[in-house]
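Everything on this sheet refers to the single structure shown next.
The values are calculated or read from the model by the stated rules, or taken from the named source; none is laboratory data. On a predicted model such as this, the values are computed, not experimentally measured, just so you know. Cβ sites come from the backbone with ideal geometry, for glycine too, and all protein chains shown count toward neighbours.
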Amino acid sequence: MKYQRITILLFVVLCAVTALAQSGRRQVKPPPAAPIPTPTPEPTPVPQKTDKEPELIFFLGVDRNFSSSNLPYSYYDAVLRGCADRLQSGTSAIVDVTNKDLTRGEAIKRAKSEDRSYVVQLSLHFDGMARSYDDLVLEYIVLAPGTAKMVTNGRAYLNGRRAGPVVVGPGSRGSTSGLYREELLKRAGEDAGDRIIKALHLDVQLPK
C-alpha cells in the first residue's frame, strides 16, 4: 500500500509539472500574410491633335457671266488655276476652288456665312472699248469672312510684267493662239494672287 501511494503521488506530481510546462510555453503565431498589392490604374492617355488647323483659307471663284462677250470657259479656268496655284504656293493657306459661277452677290453672301475663309472673286472683261482677246483684264476682289468687307481689289493684265518667256508648245506662239493666250491668262491669275498676298501682309517668300 505504501508503494502504491508513492506511485499515485508521483503520477500526480508528474501531471502537475507537465501542465505547468504546457502553460508556460509561448505559442508562436504564424506571421501575417503579406497584403496583395493593388495594381495602380494607368492614366488614360490624352489624345493629341495631330492635324493642325490651317490659319488661313481662301474660297476662290470666277464670274463667267460678267463679260458681255462669250469668252471660252478655258479662259476662266486659266485665271482660276493661276490665282489658286499662287495663293497655295505662296502661303500655308488652303485654297478651295469652286467650279460654279460666283457673282458679286453670291460672293458677299458666301463671305458673310464664313467664319475663317476669305472669299476671292475673279472676273474677266475687256479693257475700255477694246474687243480683242489680247485686251482682256482680270479683276479681283477679296472679301473678309463674317463681314464681307472688301479687304482688297485690283486688276491684272495679260501683258503684265512677268519674268521669262511664255512657252506652251511648238507652233503655239503668237497672239492668235488660244493656248498662248490661256498661258497669259494663267499668268495674270498668278499676278492677282501675288497682289492679294501682299495686300494681306502675309509674311511669305513668293516664288519667282
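Within region 104-129, the residues that satisfy the criterion of being in contact (Cβ under 8 Å) with a residue 12 or more places away in the chain and of a type in the set (A, V, I, L, M, F, W, C) are ALA107, ILE108, ALA111, VAL119, VAL120, LEU122, LEU124, PHE126. Among the residues of region 72-103, the one identified as out of contact with any helix residue (DSSP H, G or I) (no Cβ under 9 Å at 6 or more places or on another chain) and surrounded by 15 or more Cβ atoms within 10 Å (Cβ to Cβ) is THR103.
Total residues in region 78-103 satisfying the condition of being in a helix (DSSP H, G or I), under 26 Å from GLY178 (Cβ atoms) and in contact (Cβ under 8 Å) with a residue 24 or more places away in the chain: the figure is 11. In region 104-150, of all residues being assigned to a strand (DSSP E or B) and under 23 Å from the mean Cα position of the chain (by Cα), the one that is surrounded by the most Cβ atoms within 10 Å (Cβ to Cβ) corresponds to VAL120. Could you check, for region 54-69, whether at least one of its residues is at pLDDT below 95, closer than 22 Å to TYR180 by Cβ and surrounded by fewer than 19 Cβ atoms within 10 Å (Cβ to Cβ)? Yes, region 54-69 contains a residue that is at pLDDT below 95, closer than 22 Å to TYR180 by Cβ and surrounded by fewer than 19 Cβ atoms within 10 Å (Cβ to Cβ).
As a summary of the residue check, VAL46 satisfies the conditions (1) aliphatic (A, V, I, L, M); (2) modelled with pLDDT under 90; (3) within 24 Å of LEU184 (Cα to Cα) except for the one numbered (3). Can VAL151 be described as among the aliphatic types (A, V, I, L, M), at negative phi and at pLDDT below 85? In short, no.
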